[in-house]
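Below is one structure, written out as C-alpha cells, with a few remarks after it.
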Amino acid sequence: QVQLVESGGGLVQAGDSLRLSCVVSARTFSSLGWFRQAPGKEREFIVSINWSGSRTNYADSVKGRFTISRDNAKNTVYLQMNSLKFEDTAVYYCAAARRPYYDLLSTTDVGYWGQGTQVTVSS
C-alpha cells in the first residue's frame with residue numbers, strides 16, 4: 001500500500017508563491033501529480049510528471065505559473081505555485097498513477113491519493 005503525505009499549504013495573498021511537497025512511502029515508477037478541489041466543484045487535474053521526470057502535463061489554468069518536479073532519491077514530488085490567484089483556492093491532493101509508467105491525466109488514472117492540503121489565496 002502506497003501512502004502519500006502532502007505538506008506546504010497555507011494562506012497567502014494573490015500574487016504570492018507557495019510550494020507544496022508530497023512524500024511517497026515507497027519508491028515508485030508511477031507518474032505522480034496534483035489535483036485540486038474547490039468548494040462545490042469536482043476534483044480536477046492540474047499537473048503530473050512521469051516517473052523519470054522527463055515528461056510533464058499541465059492544465060491550461062496553471063500553465064506558466066505552476067511547476068512540478070520530483071526527486072526520486074527522496075520519493076518526493078513538489079509543486080511550485082507562483083502568481084497565485086484567488087481562484088487557485090482549493091484543497092490540493094497529491095496522487096500516484098495506478099500503474100507504473102502510465103500517464104496521470106485524470107481521476108480515473110489515480111491509484112493512490114494523499115489526504116489533501118488546503119491552499120487559500122486572498123484577493
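The values are calculated or read from the model by the stated rules, or taken from the named source; none is laboratory data. Keep in mind that what you see is a predicted model, and the values were worked out from it rather than measured. Cβ atoms come from the backbone with ideal geometry, glycine included; neighbour counts cover every protein chain shown. Note: areas computed on protein heavy atoms with side chains; ligands, DNA, RNA excluded. Shrake-Rupley method; radii C 1.70, N 1.55, O 1.52, S 1.80 Å.
State the answer as a single residue: which of Val121, Thr28, Leu18 lies farthest towards the positive end of the charge dipole of the chain, with beta carbon charges of +1 for Lys and Arg and -1 for Asp and Glu, about the Cα centre.
After comparing all options, I get Thr28.
Taking the inverse of the average 1/r across all pairs of different Cα atoms in segment 1-72, what Kirkwood radius in Å do you get?
On the way: mean 1/r = 0.0733 Å⁻¹.
Taking every pair of different Cα atoms in segment 1-72, averaging 1/r and inverting gives 13.6 Å.
Using a 1.4 Å probe over the heavy atoms of the protein chains, calculate the carbon and sulfur portion of the accessible area of segment 49-123 as a whole percent. Write down the numbers at each step before the final one.
On the way: 1850 of 3860 Å².
Ligands and nucleic acids excluded, carbon and sulfur give 48 percent.
Rolling a 1.4 angstrom probe over the protein heavy atoms, how many square angstrom per residue are accessible across the chain?
For the chain, the per-residue accessible area is 52 Å².
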